[in-house]
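For reference, the structure discussed in these notes is given below.
Only the coordinates and a few stated rules stand behind these numbers; no lab work does. Only a predicted model underlies this, so the values are computations on that prediction, with no experimental measurement involved. With ideal geometry, Cβ positions are generated from the backbone for all residues, glycine too; neighbour counts draw on all protein chains shown.
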Amino acid sequence: MRSALLYLVALFALTPSNLAQAQSAAPLATTPPMGWNSWNWFATTVTDKDIRQAADLMISSGMRDAGYVYLNIDDTWEGQRDAQGVLHTNDKFPDMKALADYVHGKGLKLGIYSSPGNKTCAGFEGSLGHEQQDADLYASWGIDYLKYDLCGFRSYMNQLAPSDKLKQNELMRAAYEKMHKAILKTGRPMVFSLCQYGFDSVWQWAPEVGGNSWRTTGDINPTFDRISLIGREQAGLAKFSGPGHWNDPDMLEVGNGKLTQDENRTHMGMWAMLASPLLAGNNLSKLTPEVTSILTNRDVIAIDQDALGKQADRIYAEGPVEIWSRPLSNGDVALAVFNFGEDETFLRGISLHLDQAGAAHGWKAHDVWSGRNLGKIDNDYKFSLPRHASLLLRLSR
């Protein structure tokens, strides 16, 4: 208990890092990170062999060439610490440096997972009290991305009175900043992903502690209800997102569960409109042509990766229908119409609200999912949307 309390004091002594200086030295995540993460499909069973196979499949499927470059190992790779406190991998990952070399040899980057607590979500070794040791270890392996999960740190936060939320939140911020400083000290650029579920309005302070992305909600799952709820909860957060620092509504479930083709497209399209990190989490060994076409659609990826980095805002909502728009770097506008309702078909009659989207009557439209150029368009463009489907347009002058 005494050592834990001393650690709390040390965390409170931290001051905000000079983020501008760090970013100028090594700009990271200038567009939302894209890649694949092991958790949604493998959870606790992921192995070295699985990651090597995933690297191969990201190439053969065309995902790497479409922009998915981060290959991220989630929880359960950790073994025990030795007498000097150095963390070792467990039997599932016999040589992390060799694995990183393999991944890098495929033109990909390797990500890893830890927690600011003494244990991770799954009960493996966390980084509490070993932040610099662990950051140095990751750098020696050649790690390019760190997902830092709050789970195991909550017990330390709870040592403070439950009524003292301010100090709990200060403790959480300091823990994330401590790891960020440790990463900077290694000299190796690593994308720093804050996984703390949106607590304490993380979007307001995450850039100050070095976050390149931060989870804005609780965990996703492969059901349309959960996906649509998370997506809609991003309304109002656009001003906090931009190059180098991104709101993260969690990993993609495209291709998982019992999602329909329309639901997969709506999921992918909404995440692209939100300028979200695109971290697939599906079974790469059983990619269907339909799922591959959604994940690698270059028009939708271009919206997500647009250099302006402006997240979409909701401009219209009535009943089950919502319209979102985002400006793009070349003056184009991306516009999405979502049918979140349960009716089999939502009939014509919804205005596109072009003026609110920053477009105008007579602009040309490209239908992203069909690949068709629609020519000049106005608010009365006729379309119908089945349940859980969406219309995704790129509008140009």
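Each peptide in 174-186, 286-298 gets a packing score, the mean of other Cβ atoms within 10 Å over its residues, and the list from highest to lowest is 174-186, 286-298. From most to least packed by mean Cβ count within 10 Å, the peptides 91-99, 253-261 give 253-261, 91-99. The Cα center of segment 225-300 and the Cα center of segment 85-106 differ in position by 29 Å. Think of segment 2-304 as a dipole: +1 on every Lys or Arg Cβ, -1 on every Asp or Glu Cβ, centred on the Cα centre; then among 104, 288, 189, 189 lies furthest on the positive end.
Within 13 Å, Cβ to Cβ, of residue 104, how many net charges do the neighbouring residues add up to if Lys/Arg are +1 and Asp/Glu are -1?
Net local charge, residue 104 excluded: +4.
Its alpha carbons give the chain an Rg and a Dmax of 21.6, 71 Å. Multiplying the residue separation of residue 106 and residue 370 by 0.36 nm and removing their Cα-Cα distance gives an extension gain of 91.9 nm. Dipole magnitude for segment 202-249: computed about the Cα centre from +1 point charges on Lys and Arg Cβ and -1 point charges on Asp and Glu Cβ, it is near 100 debye.
When the P(r) is computed for segment 313-396, the part past 16 Å accounts for 48% of the Cα-Cα pairs.
Each Lys or Arg adds one and each Asp or Glu subtracts one; over the other residues with Cβ under 15 Å from the Cβ of residue 170, this totals +1. Taking other residues whose beta carbon is less than 10 angstrom from the beta carbon of residue 208, and scoring Lys, Arg as +1 and Asp, Glu as -1, yields 0.
Estimate the FRET efficiency between residue 65 and residue 225 by the formula 1/(1 + (r/R0)^6), using the beta-carbon distance for r and 22 Å for R0, to the nearest 0.05. In this case the efficiency is close to 0.10.
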